[in-house]
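Everything on this sheet refers to the single structure shown next.
The values are calculated or read from the model by the stated rules, or taken from the named source; none is laboratory data. All values reported here derive from a predicted model rather than from experimental measurement. Counting neighbours? That spans all protein chains shown, and the Cβs are built from the backbone with ideal geometry, glycine included.
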Amino acid sequence: MSNALRVFIVFFSLVCIACLLSAIAPVLAQSATFAWPQGKKIALSLSFDDARNSQVEGGTALLDKYGVKATFYVHPSAVEKRLDGWKKAVASGHEIGNHSLNHPCSGNFLWARNKALEEYSLEKMRDELVQANQQIKALLGVTPESFAYPCGQTFVGRGVDTRSYVPIIASLFTSGRTWLNEAPNDPGYADFAQLTGVESDGKDFAQILPIIEDAKKNNLWVVLAGHEMNTEGNQTTRLAMLEKLVQYANDPKNEIWIAPVGTIAKYIQAKKTPR
């Protein structure tokens, strides 16, 4: 091999490496350079689904004790069962999100067979989401701006006729949260209509803490997602764990901004919008 050819190969390789680095550098820098309020290193949202009775029978009281506001994704029919409790939650500053009118999920869940996503159309889904917002507004005086996908599923139809209803969520809400994810949200990259939700049900504080600490290294946004708020039980975010978590998040030395999903989503979107 001639010296000229060797020089060309080395030069070409360096050019390729430089191009690769310039392409990935903005992606690597997206979260690291994102500025949370007051110099915080991570954003954290607590969210709970289904408007379960335990949420307003004990959960909101614990959060209120520490001045922490959460996002509650509700169905109108469930809100009606504890209407006074939900009105109090709104008055305390908690965010109310939309979790659909009838909680449709795949018909593979036998309890969902009469409201199976496989039998839905995009038109039916949109109509029910609008109805749910209207009914929540009538009950609680607020119009939800955030949404959580029932069962974390984002489709309607089946087979070749399957369609995503993510675009509908993007058009109706400022954010849509999924379920049972393993990663936090990168504020510089996340699709706000498909935010990740990390399960908080059944976990001890020792299991939640590493998620927060890992996210803090890259200035990410952790959205925790749970159901019941009680001492124990199935699909339950345990109050003992929750109390340790909010105490940790409220400690200034831990550099955590804890706020509802809608609050953080709007903050990120405002920071990303050219002025």
Worksheet item: For residues in segment 121-135 being surrounded by 15 or more Cβ atoms within 10 Å (Cβ to Cβ) and of a type in the set (S, T, N, Q), which is nearest to the chain's Cα centre (by Cα)?
Response: N133
Worksheet, complete the sentence: So, first residue at negative phi in segment 110-129, second residue charged (D, E, K, R) and not in a helix (DSSP H, G or I), Cβ within less than 6 Å, six or more apart or across chains; the pairs are E118/R158; L122/R163
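Among the listed residues A183, A225, A206, A193, which satisfies the condition of being more than 16 Å from I42 (Cα to Cα), surrounded by fewer than 20 Cβ atoms within 10 Å (Cβ to Cβ) and not aromatic (F, W, Y)? Outline the logic, then answer.
Working: A183 fails: more than 16 Å from I42 (Cα to Cα); A225 fails: surrounded by fewer than 20 Cβ atoms within 10 Å (Cβ to Cβ); A193 fails: surrounded by fewer than 20 Cβ atoms within 10 Å (Cβ to Cβ).
Within the list A183, A225, A206, A193, the selection yields A206.
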Worksheet item: How many residues, within segment 83-106, are assigned to a loop (DSSP other than H, G, I, E, B), under 15 Å from R52 (Cα atoms) and over 18 Å from the mean Cα position of the chain (by Cα)?
Response: 2
Worksheet item: Which of the residues spanning segment 181-201 are assigned to a loop (DSSP other than H, G, I, E, B), within 12 Å of I211 (Cα to Cα) and aliphatic (A, V, I, L, M)?
Response: A183
Worksheet item: Scanning segment 139-171 for residues that are free of Cβ contacts under 8 Å to residues at least 24 places away in the same chain and either surrounded by fewer than 14 Cβ atoms within 10 Å (Cβ to Cβ) or not hydroxyl-bearing (S, T, Y) (or both), which turns out nearest to K81 (Cα to Cα)?
Response: T143
Item to complete: Go over the candidates Y165, Y120 one by one and state the one that is more than 30 Å from K41 (Cα to Cα) and in contact with a Leu (Cβ under 7 Å, 6 or more places away or on another chain).
Response: Y165
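Does L209 meet the test of being part of a strand (DSSP E or B) and among the aliphatic types (A, V, I, L, M)? Before the answer, list the steps.
Details: part of a strand (DSSP E or B): no; among the aliphatic types (A, V, I, L, M): yes.
So L209 fails the test.
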Discussion item. Restricting to segment 14-66, name every residue that is modelled with pLDDT under 50 and either basic (K, R) or under 18 Å from the mean Cα position of the chain (by Cα) (or both).
Written reply: S31
Practice prompt. Would you check if there is a residue in segment 212-220 being over 15 Å from the mean Cα position of the chain (by Cα), buried (at least 17 other Cβ atoms within 10 Å of the Cβ) and not in a loop (DSSP other than H, G, I, E, B)?
Written response: yes
Worksheet item: Among all residue pairs at least 6 apart or on different chains, which show Cβ distances below 6 Å where the first residue, located in segment 75-89, is more than 12 Å from A138 (Cβ to Cβ) and the second is polar (S, T, N, Q) and assigned to a helix (DSSP H, G or I)?
Response: R82/N53; A89/T60
Worksheet item: Going by the conditions given, is E118 among the acidic types (D, E), crowded, with 17+ Cβ neighbours inside 10 Å and assigned to a helix (DSSP H, G or I)?
Response: yes
Worksheet item: Can you pull out the residues in segment 236-270 that are closer than 16 Å to V198 by Cα and part of a loop (DSSP other than H, G, I, E, B)?
Response: A259, P260
Item to complete: Could you please give the count of residues in segment 228-253 that are under 27 Å from G188 (Cβ atoms) and surrounded by fewer than 16 Cβ atoms within 10 Å (Cβ to Cβ)?
Response: 4
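Working carefully through the options T174, T196, find the one that is free of Cβ contacts under 8 Å to residues at least 40 places away in the same chain and on the phi < 0 side of the Ramachandran plot. Show your work before the answer.
Working: T174 fails: free of Cβ contacts under 8 Å to residues at least 40 places away in the same chain.
Just one listed residue meets the conditions, T196.
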